[in-house]
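The values are calculated or read from the model by the stated rules, or taken from the named source; none is laboratory data. Values in this document were obtained by computation on a predicted structure and should not be read as measured data. Here the Cβ positions follow ideal geometry from the backbone for every residue, glycine too, while neighbour counts run over all protein chains shown.
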Amino acid sequence: MSLVLNQLPHINCHDVVFTVNGEEWAIEIETGSQLKKNKKELLQKVQANNKKYAEKWFFIVTNKNLLADYRKLGEAIDRNSVIERLNEIRN
């Protein structure tokens, strides 16, 4: 039951990609600026993640007030829930 970081992020890629039990996961860390300034690009990112990872990706939203907005796009958690979510994935 190990968690392995696969790659460092590149521009226009996922913020974090990791493997747990042979399954690749992605995390997008969002402050909300893209939601406000470039929603089209954000929606393209969501579409790409859905295609590549299906349900094995999620947002970490740094601003709790924006959680509901990001949950409309996919799984979204706040930064206080990260350890709990990673433990769920690992088990």
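Quick notes on this structure:
- Residues in region 34-72 that are of a type in the set (A, V, I, L, M) and over 22 Å from Glu23 (Cα atoms): Leu35, Leu42, Leu43, Val61, Leu66, Leu67, Ala68.
- Candidates are the residues of region 54-75 that are in contact (Cβ under 8 Å) with a residue 24 or more places away in the chain and among the aliphatic types (A, V, I, L, M); the one that is surrounded by the most Cβ atoms within 10 Å (Cβ to Cβ) is Val61.
- His10 at pLDDT below 90 and surrounded by 13 or more Cβ atoms within 10 Å (Cβ to Cβ): no
- Among the criteria (1) modelled with pLDDT under 95; (2) on the phi < 0 side of the Ramachandran plot, the one Asp78 does not fulfil is (1).
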